[in-house]
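Nothing in this text is a laboratory measurement; each read-out follows from the coordinates by a stated rule. Just so it is clear, the model here is predicted, and its values are computed rather than measured. Positions of Cβ are backbone-derived with ideal geometry, glycine not excepted, and every protein chain shown enters the neighbour counts.
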Amino acid sequence: IKLISDAGFQGEITSISTAAQQLEVFSRVLKTSISSFLTNPEDWQKTTKECAKMVCHGQHTYVYAQVIIHVLARENKGGSSMKRLSQEITKCAQKNRNDVTPITMALNGAAAYPQACQALTAMLSKNTLNPADISVLFRNYSGNDPPPIDLVRTPQFLELLVDSLFKPAVKLNPDHKPKYIYLLAYAASVCEVPAKKGQKRTWNKDELKSTIQAIETVHNICNINKGSSELIADLKTLYQSLRFSVVAVGVVRWVEYTVTDSSYFKLQTEHCPVHLALLDEVVSCHTLLHTQVLDLLIRLFESKQDELEILVQLEMRKMVLDRMVNLLCSGCVVPVVKYIKTCWQKGDTDISLIRYFVTEVLEAIGPPYSPEFVNLFMPMVENDEITGTMRGDGENDPVSEFIVYCKANYTTV
Amino acid sequence: MANMRDSDTSLWLHNKLGTSNDSWTGGSICSQLNAEVLRNIKDCFPDLQTQVKLKLLLSFFHIPRRNIDEWRCELEQIVDVAVSDSDLWVSMLAEALKTFPATGSLNTEIADLDEVRPIFTNLVNDLRHLVKKQSEQVMLPMECHYLNKAALVSVVGQQPSSTKHFTLKKSPKSAILRSDLLQKASDAASNLKKS
């Protein structure tokens, strides 16, 4: 194996267990994998998954790779991609039911703050929050010399906080609830300026109070199981609070729990339930949450709704497509078009739905188009099965207009 | 346990740690460790199987902090022996764990070992080159999704604006829905006031 590796054929070493036997060989395979992650940003989900699978092969490979990635994540330029890679790998290890919390804590500097470190380790290892440890963290972070903000920004911890505040019908002890809210708001809003020579760390907490208020207000709305129509009265408040990313994350989680309930659509009378309309608002305000919302919409689009009549099912899926069109109009273009294209190519989606999507998009957008978009979208617009019935005699319909414009302006088509 | 001879200690370790090829360890061994056992382990360490050596070192992560403080010397001595192990995996892992008993943090400055250093340094340097070339931040750390604008900028700087794929000529249906819903909301609010 070492000879194959020495000769430069890393790609040929397909078995991770073979590669992991020797540090030198593993290092080369790891290099190939991380390089592929860095040089193919458009495929990051695939390259991350492959890299994580390899790194999680053993605990020794995990520690080694995380140390390497940790060193690289310190780079000012590009370091944040490495931090994300590290987090994805951690998530993969946890999915395999390995407790990697002590390793994470040995790399994130928590050890210098024993109380916070112990409280966080206890909760992350068990993947559940508890009032005693939350109280310890609350005391630490409301004091004069709080631990580094990065500790409460550990993604798993943030997820647990959001879950306990926004999952429907979770009941938190009212005495402790403000501490959960405080910690989440602190992580979301405080700017920490690291210590410089001769100067201590400083904090900007200007937005802490308003963030606490927004979380509290929306938590109170979400925690009571309200129906669509009852929610209407709270809509303005919800829209206002959704400007805070952390509230938006919480609302997406809450909507996810609510609308993926198997009986949800059976009980809806509105064409578009308020829960899904809230996703539109999240999408307009927060570019960073586009992927998360798209994932949820895909789940809904593909969900079985056997208890609904066929026509009602189609209407429901069209309503989900409306949300996807909104996502596309808000800037999440390539992932949405790619998804619909795969639906069409796989042939398992009712063609009228693809037609609906194409029609809605063509109605909303106009030139100039990016070559990437034209390349992706054109095959669906040109397809007779999809758009045949939409074309008129002349060139005045949106389909013909799009085709004519693109043929005249783009050579790649 | 405290009076075990070397051979007994290594047999015990083998039975505990050497029976599966999976290097993930849950730390079940930790409850049976004490200063005396650790001293025995140090003595028999060089003769253990590689797999057992790795798992033993990895089990350190699962030792409660108060025990680590108590056994700091013994743990450091094992790490010292392991650093000069002939297997590179063992010496690399030991090098990373060198600071762990004293500080609770891993050593990320792998600079002391002649054999391991070039592998580590070359890998880091080659990759650093690629990391620096990252022109735009395609992937942000997961916590960024939660951050207020100002906090986000303080962490990752201003984000580049995304590619424009088309011009919006008409707002999508969702915009009409939004204004309808807001109308209903103010109707509902005024109804509430009246009642």
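Hey, can you list the DSSP H helices of chain B whose Cα span along the axis is 27 Å or longer and whose average Kyte-Doolittle score is at least -0.5?
Details: long enough: B:173-194 (32 Å, -0.47).
Those that clear 27 Å and a mean of -0.5 are B:173-194.
How about region A:23-120: which trypsin sites (Lys or Arg not before Pro) there are in a DSSP loop, with at most 15 other Cβ atoms within 10 Å of their Cβ?
A:ARG74, A:LYS77, A:ARG97
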- Message: Please give me, ordered by residue number, the trypsin sites (Lys or Arg not before Pro) of region B:119-195 that lie in loop per DSSP and have at most 15 other Cβ atoms within 10 Å.
- Response: B:LYS164, B:LYS169, B:LYS170
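Full-extension gain between A:LYS196 and A:ALA169, please, as 0.36 nm times their residue separation minus the C-alpha to C-alpha distance. All intermediate terms of the calculation are to be shown ahead of the outcome.
Working: separation 27, 0.36 × 27 = 9.72 nm, distance 4.55 nm.
Working it through step by step, the gained length comes to 5.2 nm.
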- Item | Cα radius of gyration and Dmax for region A:321-406 (Å) | 12.1, 33
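For peptide A:376-385, how many partner chain Cβ atoms fall within 10 Å of a residue's Cβ, on average?
On the way: counts 1, 2, 0, 0, 0, 0, 0, 0, 0, 0.
Other-chain Cβ atoms within 10 Å of each residue's Cβ, averaged: 0.
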- Item | Zero-based 10 Å bins, Cα pair distances in region A:2-98, whole percents | 16, 49, 31, 3
- Message: Taking 2.2 N^0.38 Å as the expected size of a compact globular protein, what ratio does the Cα radius of gyration of region A:256-352 give against it, to two decimals?
- Response: 1.05
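Kindly provide the GluC sites (Glu not before Pro) of region A:281-318 that DSSP labels as loop, not H, G, I, E or B, and whose Cβ sees at most 15 other Cβ atoms within 10 Å. Write down the numbers at each step before the final one.
Working: sites: A:GLU281, A:GLU302, A:GLU307, A:GLU309, A:GLU315; in loops: A:GLU307, A:GLU309.
Within region A:281-318, the qualifying GluC sites (Glu not before Pro) (loop, at most 15 other Cβ atoms within 10 Å) are A:GLU307, A:GLU309.
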- Message: Just to confirm my numbers, what's the Cα centroid distance between region A:79-138 and region A:301-340 in Å?
- Response: 36 Å
- Note on the structure: In nm, the gap between the two label points placed 7 Å beyond Cα toward Cβ at A:THR260 and A:LYS49 is 1.6 nm
- Message: Considering only C-alpha atoms, what is the centroid distance from region A:197-244 to region B:111-132, in Å?
- Response: 45 Å
- Task: Take the Cα radius of gyration of region A:108-225 and divide it by 2.2 N^0.38 Å, with N its residue count; two decimals is plenty.
- Result: 1.07
- Task: Report the residue, chosen from A:GLN22, A:GLN292, A:GLN213, that carries the largest GNM mean-square fluctuation when chain A is represented by alpha-carbon nodes joined by springs under 10 Å.
- Result: A:GLN22
- Step through the residues of region A:81-93 one at a time and calculate ³J(HN,Hα) from phi using the Karplus curve (6.51 cos²θ - 1.76 cosθ + 1.60, θ = phi - 60°), rounding each to whole Hz and writing x for Gly and Pro. 4, 5, 5, 5, 4, 4, 5, 5, 5, 4, 4, 5, 4
- Along the dipole axis of region B:6-133 (charges at Cβ: +1 for Lys and Arg, -1 for Asp and Glu; origin at the Cα centre), the most positive-end residue among B:HIS129, B:THR50, B:ILE110 is B:HIS129
- Message: Averaged over its residues, how many other protein chain Cβ atoms are within 10 Å of peptide A:75-87's Cβ atoms?
- Response: 6
- Query: In nm, what is the difference between 0.36 nm times the number of residues separating A:GLU395 and A:GLN240 and their Cα-Cα distance?
  - Reply: 51.4 nm
- Task: Between B:VAL83, B:VAL124, B:VAL155, find the one with the highest GNM mean-square fluctuation for chain B; connect C-alpha pairs within less than 10 Å.
- Result: B:VAL155
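Counting partner chain Cβ atoms within 10 Å of every residue's Cβ in A:388-398, what's the average? Intermediate results must be reported in sequence, preceding the final value.
Numbers: counts 0, 0, 0, 0, 0, 0, 0, 0, 0, 0, 0.
Across A:388-398, the average partner-chain Cβ count within 10 Å equals 0.
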- Amide H neighbours of A:TRP203 at under 5 Å, excluding residues fewer than 5 places away on the same chain, with H built from the backbone geometry, are A:VAL193
- Item | Cα-Cα over 21 Å, subset of A:LYS95/A:LYS304; A:LYS407/B:LYS170; A:LYS318/A:LYS341; A:LYS77/B:LYS164; A:LYS77/A:LYS205 | A:LYS95/A:LYS304; A:LYS407/B:LYS170; A:LYS77/B:LYS164; A:LYS77/A:LYS205
- Query: Applying 1/(1 + (r/R0)^6) with R0 = 35 Å to the Cβ-Cβ distance of B:ASN15 and B:ALA102, what FRET efficiency is obtained, to the nearest 0.05?
  - Reply: 0.70
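Lys and Arg at +1, Asp and Glu at -1: add these up for the other residues within a Cβ distance under 10 Å of A:PRO367 and post the number.
Working: positive: B:LYS169; negative: A:GLU401.
Here the count lands on 0.
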- Relative to the Cα centre, what is the charge dipole magnitude of chain B, using +1 at the beta carbon of each Lys and Arg, -1 at the beta carbon of each Asp and Glu, and rounding to the nearest 20 debye? 2140 debye
- Size of the dipole of chain A about the Cα centre, Lys and Arg at +1 and Asp and Glu at -1 on the beta carbon, nothing else charged, in debye to 20? 2060 debye
- Sequence order, region A:276-288: Karplus ³J(HN,Hα) from phi using 6.51 cos²θ - 1.76 cosθ + 1.60, θ = phi - 60°, Hz rounded, Gly and Pro as x, gives 6, 5, 5, 4, 4, 5, 4, 4, 5, 8, 9, 4, 5
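Determine the equivalent ellipsoid of the protein assembly as shown by diagonalising the alpha-carbon gyration tensor, then write out the semi-axes as square roots of 5 times the eigenvalues, largest first, rounded to whole Å.
They are 49, 31, 22 Å, listed largest first.
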- Once phi for every residue in region A:51-68 is put through the Karplus expression 6.51 cos²θ - 1.76 cosθ + 1.60 (θ = phi - 60°), the whole-Hz ³J(HN,Hα) values, with Gly and Pro written as x, are 4, 4, 4, 5, 5, 7, 3, x, 6, 5, 5, 5, 4, 4, 5, 5, 5, 4
- What would the Debye formula give as log10 I(q)/I(0) at q = 0.12, 0.13, 0.24 Å⁻¹ for the alpha-carbon point model of region B:1-111, no solvent? -0.36, -0.42, -1.61
- Message: Skipping prolines and chain starts, which residues have an amide H placed within reach, meaning under 5 Å, of the one on A:SER330, given they are 5 or more residues away or on another chain?
- Response: none
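Hey, could you get me the Stokes-Einstein D for region A:207-325, Kirkwood radius over alpha-carbon pairs, 20 °C and 1.002 mPa s, rounded to whole µm² s⁻¹? Before the final figure, lay out the partial values.
Working: Rh = 14.8 Å.
The calculation lands on 145 µm²/s.
Quick one: which of A:142-149, A:229-236 comes out on top by average Cβ neighbours within 10 Å, and what's the full order, highest first?
Values: A:142-149: 13.6, A:229-236: 18.0.
Peptide ranking by packing, descending: A:229-236, A:142-149.
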